[in-house]
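See below for the structure under consideration.
Coordinate-derived values only; no laboratory data. Since we're looking at a predicted model, the values are computed, not measured. Backbone-built Cβ (ideal geometry, glycine too); neighbour counts: all protein chains shown.
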Amino acid sequence: MKRLVLHTTRGLASMFVIGCFGVLTLIALPALVQAQDAPAAECDAGPHVVCPAVGDPAAQYVGSVTAVPDGVIILLTGDGLDKARECGGPEAIATLAQMLYDTIPTSEKAEFELDWTSQVLQDEIYGHAFLNQLLSGLGALDGIYERSNPINIVFADYGGPGTMTAEARAEQATFAALGAVHRAAC
């Protein structure tokens, strides 16, 4: 039992250190992550954008979902950012976003089918929400704070067409570490 506790503690400490290193790297080198930096589209921007209706359960958490040629852009509300930091929150946000994405006409979507249940996607949702909270109010780091919401999902980073960049690999490693710490705390 003592050995299990030691291994678990060592594993959690390692993930925490890796996560902190990743966050510090993102803070120190804001140009490091050069992912798709498309802003969220306005709700009336066209058939490639869907916003939840007033009575839709997603309306509390998701502001919009936008299909772009190489991915999906998910804009979260303030409650959505809070939800994404809760236990089970990233999964719930991914499910709500998928339901909205499914209403976009097929002709407006890329051919790649994103796995909305993947741990990598859930870690990215959590990582964005974590960074949004961590960096809120830090004026010198506006570039990273502004990039934390919307969440730009690039299909190449998920096995889709195109090439995953080194920056995207660093971002995913950071989000994976943060996600692992989050799941361990749940």
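Going by how many other beta carbons lie within 10 Å of each one, how would you line up Ile151, Ile73, fewest first?
On the way: Ile151 27, Ile73 22.
Arranged by neighbour count, lowest to highest, Ile151, Ile73 become Ile73, Ile151.
What does the convex hull of the alpha-carbon atoms of segment 44-92 project to on average, in nm²? Can you show the working numbers first?
Values: hull surface 15.5 nm².
Taking a quarter of the hull surface, the average projection is 3.9 nm².
At q = 0.11 Å⁻¹, what is the log10 ratio I(q)/I(0) for segment 51-186, with the Debye formula run over Cα points and no solvent? Debye output, listed in q order: -0.37. Listing Glu86, Glu91 from fewest to most neighbouring C-beta atoms within 10 Å gives Glu86, Glu91.
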